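Report on the following structure.
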Amino acid sequence: MFPYPEQYRVASPPLTTALMVGWALLSHSLLADASPFALYPLFLLFPLVIGLHLYLIWLAKGMSRLDQCFYALVHIPLAFVVWTFTIMHVNGNAFY
């Protein structure tokens with residue numbers, strides 16, 4: 001189906017993080033502050049990133065599993081920071 005399915009599989013967590021940012025920018029410009037329609041997908045995307053990393057670790061074999069663990073160890077905290085700021089961006093001035 002895809003010419004390089006392994007590369008697409010490995011790139012899925014950062015692409016999900018990029019989707020988080022894109023969704024936050026788009027939904028904040030179109031919807032009201034703290035709109036549930038804008039927030040609920042964000043609440044699901046970070047656990048999806050963690051799940052994708054666990055899937056990549058499970059799928060890997062041998063030394064590649066250690067590489068996937070290091071990849072998750074680096075990307076998950078960065079994705080958490082991005083996720084926190086996207087939620088803050090979508091909330092806007094709702095806390096004032």
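Rule-based calculations on the coordinates, nothing more; no lab input. Fair warning: this is a prediction, and the values are worked out from it, not measured in the lab. Don't worry about glycine lacking a Cβ; one is built from the backbone with ideal geometry, like all the others, and counts go over all protein chains shown.
Can you list, largest first and rounded to whole Å, the semi-axes you get for the chain by taking the square root of 5 times each eigenvalue of its Cα gyration tensor?
Values: eigenvalues 184, 39, 16 Å².
Semi-axis lengths for the chain are 30, 14, 9 Å.
What trypsin sites (Lys or Arg not before Pro) does the stretch 1-69 have in DSSP loop regions with at most 13 other beta carbons within 10 Å?
Working: sites: R9, K61, R65; in loops: K61.
For trypsin sites (Lys or Arg not before Pro) across the stretch 1-69 that sit outside H, G, I, E and B with at most 13 neighbouring Cβ atoms in 10 Å, the list reads K61.
Need the full-extension length gain, F95 to S35, defined as separation in residues times 0.36 nm minus the C-alpha distance. One decimal, nm.
20.3 nm
Would you work out the relative contact order for the chain, in percent, from Cα pairs under 8 angstrom that are 6 or more residues apart? Could you put the intermediate results ahead of the total?
On the way: 74 pairs, mean separation 41.3, N = 96.
Normalised by residue count, the contact order of the chain is 43 percent.
Using alpha-carbon positions, what is the distance between the centroids of the stretch 30-54 and the stretch 68-95, in Å?
For the stretch 30-54 versus the stretch 68-95, the Cα centre distance is 10 Å.
To the nearest 500 deg cm²/dmol, what mean residue ellipticity at 222 nm is calculated for the chain from DSSP H runs of n ≥ 4 alone, each contributing -39,500 (n - 2.57), summed and divided by the residues? Walk me through the intermediate numbers first.
Values: 3 runs with 79 residues, N = 96.
Counting only the DSSP helices, I get -29500 deg cm²/dmol.
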